Structures are given as structure tokens and as C-alpha cells.
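Reviewing the structure listed below.
The values are calculated or read from the model by the stated rules, or taken from the named source; none is laboratory data. Since the model is a prediction, treat every value here as computed from it, not as a measurement. A quick note on method: Cβ atoms are made from the backbone with ideal geometry, for glycine too, and the neighbour counts reach across all protein chains shown.
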Amino acid sequence: MAGPVNVLLLSPYAGALLPTFKRAGDSVDTILPADDREFAVPPDALRPEWIVLYGWPYVLRDDFYWRHYKGRIINLHISLLPWNRGADPNFWSWREDTPKGVTIHQVDKGLDTGPVLVASEHSLYGSNHTLASSHKALSATVEGLFATHWAGIRDGEIGPREQGPGGGNHKRIDIEPFRWALKDWSLPCAEVAGLEPRP
């Protein structure tokens, strides 16, 4: 087993993952998202060995990442990739009736297109979930998956596999025509497919 590592965690939900890093003996620096900016290069003082994204709303565009961290940047995503890459995956899984689940994957230059490390389908079908409660359930699932598999990912015991064919992706702007119905995300999931878009 490899020793502890330095991790840069990019997430608004850092508290959910910190216990896993603590158990593994890893040191963590956390950066929260800020409105209307993309994260550039990690400050030199941080010197992370791994970068972990969870709920991070920006694409890592700088080539610095691919030169220095290829294979050591991972993302926790609440969809079963290749379905629903990008923004608002829980909403689109109900809107487009695609499989529900979670994925931990390596980050590449695409939008949630990197190789899969661990994935788990979630049985939300035919339930009484709202968008809020289904989001909570998927978040708990991916956090549990990370807690179980982080050491294996970090130590190279879990290898990547390419995503399957198909799927799709969405940008943040794609949900705007439905925003009128999503004030507090309490909309029953069963009603999402029938939502009429509004300008």
C-alpha cells in the first residue's frame, strides 16, 4: 500500500469527503468554487499529488493539468456515465429517462469523458423521489463509493476503463427553460419528463 498523499480538493461539499482522506492519512487543501470564474493552475505552495473534484462547476482548461496530473485528477459525478455528462445530471436522467447512478472517473480534456474507475447504478425507478431527495440519495451513494474505493484508486489497485458508447451531455444553460418549475427542487421526479419549456 502506498503512503499518504497530498490532495487538492475542489468542491463545495468538502466536508463529505474529508473523513475519507483523514482515515487514509492524506493531507488536504480545499478550494471552494467562486462565481463566474474558472480555476486556473494550483498555487505552487499547495503541490498536490492528486486533485479530486466533487460538484465542481468549472472545466479545468489549462494544459498544466494534463502535463503534470494525467491520471491523477478524478471527479465524483452523480450520473452513470456515459449518460448525462456535464451539468445537472440528476435532472436530465429524469427528463430523458436514462439510467440513474454515480461514477468516479479520471478527468481528461473533455466534459466528463474520462475513463471510469468505479461506477454504481442506483435504483430510483418508480420511486416517490423529488429532484431534491434523488440528488441527496445519489450524493450519498457517490460519497460512500469514494469512501470505499479511494485507497484503491490512490494506490493504483483500481485501474481505469474507457466509457461505453452513447450517452450525452448538457451545459448549465440547458436547464434554463425549465427553471420556472425548479425553485426549490421539490418537483416530483415523475413530473420532470412532462415539463414544458418556457422562454
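Of note:
- Cβ pairs under 7 Å, 6+ apart, first in segment 48-69 and more than 20 Å from I173 (Cβ to Cβ), second at pLDDT below 85: P48/P42; D62/A40; D62/V41; F64/V41
- Boolean, L117 is in a loop (DSSP other than H, G, I, E, B), under 14 Å from the mean Cα position of the chain (by Cα) and of a type outside the set (K, R): no
- Filtered residues of segment 55-67 (kept if within 25 Å of D155 (Cβ to Cβ) and modelled with pLDDT under 85): L60, F64, Y65, W66, R67
- Being surrounded by fewer than 16 Cβ atoms within 10 Å (Cβ to Cβ), among the small types (G, A, S) and not in a helix (DSSP H, G or I) is a property that does not hold for G144.
- Residue within segment 146-164 that is at pLDDT below 95 and more than 30 Å from G25 (Cα to Cα) present: yes
- When residues of segment 1-22 are limited to those that are in contact with a helix residue (DSSP H, G or I) (Cβ under 8 Å, 6 or more places away or on another chain) and under 20 Å from S139 (Cα atoms), the one surrounded by the fewest Cβ atoms within 10 Å (Cβ to Cβ): P19
- Test: S186 is of a type in the set (S, T, N, Q), more than 16 Å from N75 (Cβ to Cβ) and assigned to a loop (DSSP other than H, G, I, E, B): yes
- Filter result (surrounded by fewer than 19 Cβ atoms within 10 Å (Cβ to Cβ) and closer than 18 Å to W56 by Cβ) within segment 87-105: A87
- Subset of segment 100-143 [within 27 Å of E196 (Cβ to Cβ) and in contact with an Asp or Glu (Cβ under 6 Å, 6 or more places away or on another chain)]: none
- Segment 157-169 - residue that is in a loop (DSSP other than H, G, I, E, B) and in contact with a Lys or Arg (Cβ under 8 Å, 6 or more places away or on another chain) and, of those, surrounded by the fewest Cβ atoms within 10 Å (Cβ to Cβ): G168
- Out of R198, R154, R172, sole residue that is crowded, with 17+ Cβ neighbours inside 10 Å and of a type in the set (K, R): R154
- Pairs linking a residue in segment 134-156 that is of a type in the set (S, T, N, Q) to a residue that is part of a helix (DSSP H, G or I), with Cβ atoms under 7 Å and 6 or more positions apart or on different chains, are S134/N90; S134/C189.
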